[in-house]
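Have a look at the structure below, then the notes.
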Amino acid sequence: MSRNLILILGDQLSPAISSLAGADPRRDVVLMAEVLAEARYVDHHKQKLALVFAAMRHFAEDLRTAGWQVDYRRIDERLPDLEAALKAAIARHAPAQIVATEPGEWRLWQAMQGWRARFGLPVTLCEDDRFLCSRAEFAAWATGRKTFVMEHFYRLMRRRTGLLMEVDQPAGGRWNFDTENRAPAQDSLFLPAPPEGARDEITAEVLAMVGRNFPESFGQLTPFYWQTTRAGAEEARDRFLRVALPEFGTYQDAMLADRRWMYHSLLSPYLNLGLLDPLDLCRRAEAEWRAGRAPLAAVEGFIRQIIGWREYVRGVYWLKMPGYAAQNGLNAHRPLPGFYWTAQTRMRCLAQVIGQTIETGYAHHIQRLMITGTYALLIGTNPAAVHRWYLGVYVDAYEWVELPNTLGMSQHADGGFLATKPYAASANYIDRMSDYCQGCAFDPKARTGPRACPWNALYWDFIARHAGQWARNPRMSLPLRAWHAKPEPEQLALRAAAAKHLAELDAEPPYAP
Ligand code: FAD
Ligand code: DLZ
């Protein structure tokens, strides 16, 4: 029998990955390669680089222990890209075909379409069955639909998996317990301690290597918060289920300065790398509810994020690419302010979230959506620039999940396909959901004047700037009516305050990361 060359990418670190199914460890060779193109196609956070490379090296060791022959190429060898790694591996192993699981990003998927011609070998691309809904199934679900409501898709996934189902009815008589979630932050919250980062030899070596080779990359390398092995990810999972899941829903949207983890799971990096299986994780969360250790509202909310949102955004990504990435429905062209790379701003909310991002490579959903996302939206930032920032700075960022969240949900650049209403808010929202406004240089209650929080004028300027568009959107009728009801002098003052803030931003020298 002839030998196959099986390429395993850095976010395909699952022993049950489809490219290995049916392969023979005695005959086939696995190729894993740390390459410059993947490390540099966007300005990745240092902790993301360290996490990916350390997890890849650990996974290669696991494969070897399981009897696989692994051809592993390290970043120090400075291979330019995956094709260079493949070319060398083909010369070395003379395989009869290349096998891979379909990648998570369009750019690589497109490149793979040319591999057969380039390498003169058959290429088999296996479906990525770590997701519940395949690309084809999502496309079939989407076909002929007038609306693409996530909730409808989510119910289908609940039925398909049987998660939180009593025969064919949702557990507790309701599909969605969101109304019981999302309480504002309270100073008295007890918060679980942050997880400890991995400290084994491989990880220590990779941390030193990233420090040497990527000194200019975004973010701090240490303290390093992330687990780099399957066992470590499983420990983080068990700790979350035990300690934080019961409060997950209640404070899902809350933000507190210096208490950056809140009750979130911090499991997205491991899910996206393949160190945890999403369905298995949801079954374990369900078991916590069935055992009476976590309330249904928390468990339902958590499961919805994974079998609902996570699957849904992936479906949208593959349905809409490649055109999706170029959409700019609000015709926004401002560059991303330089302080997104430095956290040097007097707006305390942004300084907090960006500062935390620099230090950890993590921010929770509402920090991403309603702080860094909303500010970029209000000032009219080019969505492609916002997309590049999010794709780089978070340790869990891969385009299939990041792009729809950024361009669609956060920047409303897809014409309202993913979110029918923009996630725009004034300082009032931040003051209600966080403690960021306490001790800020600006007053969240003031709309104009030297101490007025810039978010207030920017919010109304955003409503006014796109008033024609909102007039066609029934979900925006309330803020639009409120804008039109304002006396003209107030409208003028708000727009002048917004113009002043934007002019100050424009006057800053462009930041080139
Ligand atoms: P938890 O709050 O504990 O949620 C549990 C799990 O649900 C997460 O681990 C994640 O797998 C899933 N999940 C929750 N919300 C979403 C969502 N909106 N889309 C997809 N999955 C979701 N998530 C990423 O995994 N990678 C990204 O690059 C990414 N970029 C984002 C960019 C923007 C602008 C926004 C608004 C959201 C983005 N998200 C992204 C979604 C979400 O913010 C993260 O999944 C979440 O913050 C990860 O932290 P956690 O594991 O503590 O999540
Ligand atoms: C994110 C990442 C990085 C930084 N480096 C590598 C790498 O050197 N080799 C590799 O195989 N994968 C890497 N990855 C993950 C890929 O970028 C990821 O597989 C694609 O973006 C598809 O999701």
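Compactness ratio for region 64-138: Cα radius of gyration over 2.2 N^0.38 Å (N = residue count) comes to 1.25. Descending by average beta-carbon neighbour count within 10 Å, the peptides 385-398, 26-39 line up as 385-398, 26-39, the highest first. Every pair of different Cα atoms in region 289-333 enters the Kirkwood calculation, which places the hydrodynamic radius at 13.1 Å.
Axis angle, to the nearest 10 degrees, between helix 454-465 and the longest C-alpha principal axis of the chain: 90 degrees. At each listed q (0.30, 0.32 Å⁻¹), what is the log10 of I(q)/I(0) that the Debye formula gives for region 313-363 modelled as equal alpha-carbon point scatterers? Calculated log10 I(q)/I(0) at the listed q: -0.98, -1.07.
Scaled to the compact-protein estimate 2.2 N^0.38 Å, what is the alpha-carbon radius of gyration of region 220-271, rounded to two decimal places?
Numbers: Rg = 12.0 Å, N = 52, 2.2 N^0.38 = 9.9 Å.
Relative to the 2.2 N^0.38 Å estimate, region 220-271 comes out at 1.21.
Taking Cα centre as origin and charging only the Cβ of basic (Lys, Arg, +1) and acidic (Asp, Glu, -1) residues, the dipole magnitude of the chain rounds to 1060 debye.
I'd like the projected area of region 379-429, averaged over all directions, using the convex hull of its alpha carbons. Report it in nm² with one decimal. Mind dumping the intermediate values first?
Details: hull surface 16.3 nm².
With every direction weighted equally, the projected area is 4.1 nm².
For region 318-460, go through all pairs of different Cα atoms, get the mean of 1/r, take its inverse, and jot down that Kirkwood value in Å.
Values: mean 1/r = 0.0651 Å⁻¹.
Answer for region 318-460: a Kirkwood hydrodynamic radius of 15.4 Å.
Quick one: if the Förster radius is 30 Å, what FRET efficiency do Gln186 and Arg472 give, using the C-beta to C-beta distance and rounding to 0.05? Don't skip to the end; give the middle numbers.
On the way: r = 40 Å, r/R0 = 1.32.
For Gln186 and Arg472, the calculated efficiency is 0.15.
Per Stokes-Einstein, at 4 °C and 1.567 mPa s, what whole-number D in µm² s⁻¹ belongs to region 343-383, with the Kirkwood radius over Cα pairs as the hydrodynamic radius? Taking Rh from Cα pairs, D becomes 125 µm²/s. Restricting the calculation to alpha carbons of region 250-371 gives Rg and Dmax of 17.4, 52 angstrom.
For the chain, how big is Rg over Rh, using alpha carbon atoms and the Kirkwood form of Rh?
Values: Rg = 23.6 Å, Rh = 24.3 Å.
A ratio of 0.97.
Net charge in the neighbourhood of Ala424 (other residues with Cβ under 14 Å of its Cβ; Lys, Arg +1, Asp, Glu -1) is +2.
Quick check on the chain: of the DSSP beta bridges with both residues there, what percent are antiparallel, nearest 5%?
Working: 2 of 22 bridges.
Bridges in the chain that DSSP calls antiparallel: roughly 10 percent.
Summarising the amide proton neighbourhood of Ala183: residues at separation of 5 or more, or on other chains, whose placed amide H is nearer than 5 Å comprise Tyr251, Gln252, Asp253. For the pair Ala21 and Arg290, label points projected 7 Å from Cα toward Cβ lie 2.4 nm apart. Rg/Rh for region 22-103 stands at 0.97; both radii use Cα atoms, and Rh follows the Kirkwood definition. Against the chain, whose longest principal axis is taken from its Cα atoms, helix 348-360 shows a tilt of about 10°. Once both labels are positioned 7 Å from their Cα atoms along Cα-to-Cβ, the gap between Asn213 and Thr342 label points is 3.0 nm. Peptides 138-145, 426-433, 319-326, 403-410 ranked from most to least packed by the mean count of surrounding Cβ atoms within 10 Å: 403-410, 426-433, 319-326, 138-145.
With r defined as the distance between the Cβ atoms of Asn176 and Asp129 and R0 fixed at 25 Å, what FRET efficiency is calculated, to the nearest 0.05? After rounding, the FRET efficiency stands at 0.40.
With 0.36 nm allotted per residue and the present C-alpha distance subtracted, the His333-Lys421 stretch has 29.7 nm of extension available. Using a simple spin-label model with pseudo-atoms 7 Å out from Cα toward Cβ, Arg283 and Tyr511 lie 4.5 nm apart.
Bear in mind that the values in this text are calculations on the coordinates, not laboratory data. These figures come from a predicted structure and were not determined experimentally. When we count neighbours, we look across all protein chains shown, and the Cβ atoms used for this are built from the backbone with ideal geometry, even at glycine.
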